[in-house]
Amino acid sequence: MREIKFRGYAVEEMVNGQWLEGFGVSELKFAEHHAKAVGRDSNWWLYTNSGDYLVNPKSIGQYTGLKDKNGREIYEGDILLFNNSINDRKWKCVVEYREGSFVCVYQNDKVYNHFDSWNVPKVTWEVIGNIYENPSLLEVQHDKLQHIKDQLN
């Protein structure tokens, strides 16, 4: 059975700038008058063994239960470099939760693969960043794909 856990990027002063791992997340919605006063309509909390921490909602990701070729845990929102050893092709993709399972999305959000559909001995993946801290890793691939499309037209 897969371990259920989450991670999020802390926004509280004592742990600001740190990734935290925990066993659950929840959103606390504010009343309208409070939302206007603080400038947002909710807070997101990550529950850990050492306490509850306020995290950036865009950074929250669930653990997939998988590890990359270096033994690093793969979370939703991670950017992976995967290598197909059959044809030696390398792609960057983003881990998302779709259709009831974790998938790797690439080619401008139009194509994705379920992890279990890959021939694991022939494919390896490596965590190279995440969409919260390293979105520029994906822009390079998008620009490259656009350049190829432009050349074909």
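Within region 89-103, identify whether any single residue is farther than 28 Å from residue 12 by Cβ, modelled with pLDDT under 90, exposed (fewer than 12 other Cβ atoms within 10 Å of the Cβ) and under 13 Å from the mean Cα position of the chain (by Cα), and answer yes or no. Yes, region 89-103 has at least one match.
The single condition from (1) closer than 24 Å to residue 2 by Cβ; (2) surrounded by fewer than 17 Cβ atoms within 10 Å (Cβ to Cβ); (3) at pLDDT below 75 that residue 115 fails is (2). The single condition among (1) surrounded by fewer than 14 Cβ atoms within 10 Å (Cβ to Cβ); (2) under 15 Å from residue 130 (Cβ atoms); (3) in contact with a Lys or Arg (Cβ under 9 Å, 6 or more places away or on another chain) that residue 58 does not meet is (3). Condition first: outside the structural domain of residue 139 (by TED's automatic domain parsing), surrounded by 11 or more Cβ atoms within 10 Å (Cβ to Cβ) and closer than 23 Å to residue 137 by Cα. Can you find one or more residues in region 19-30 that meet it? Yes, region 19-30 contains at least one residue that is outside the structural domain of residue 139 (by TED's automatic domain parsing), surrounded by 11 or more Cβ atoms within 10 Å (Cβ to Cβ) and closer than 23 Å to residue 137 by Cα.
Among the residues of region 25-38, some residue qualifies, meaning at least one is at pLDDT 90 or above and out of contact with any His (no Cβ under 8 Å at 6 or more places or on another chain). So for region 123-143 (the condition being farther than 23 Å from residue 27 by Cβ, modelled with pLDDT under 90 and touching a helix residue (DSSP H, G or I) at 6+ places or on another chain (Cβ under 9 Å)), does at least one residue qualify? Checking region 123-143: at least one residue is farther than 23 Å from residue 27 by Cβ, modelled with pLDDT under 90 and touching a helix residue (DSSP H, G or I) at 6+ places or on another chain (Cβ under 9 Å).
The values are calculated or read from the model by the stated rules, or taken from the named source; none is laboratory data. Model, not experiment: these values are computed from the prediction. Neighbour counts are summed over all protein chains in view; Cβ atoms, including those assigned to glycine, are modelled from backbone coordinates with ideal geometry.
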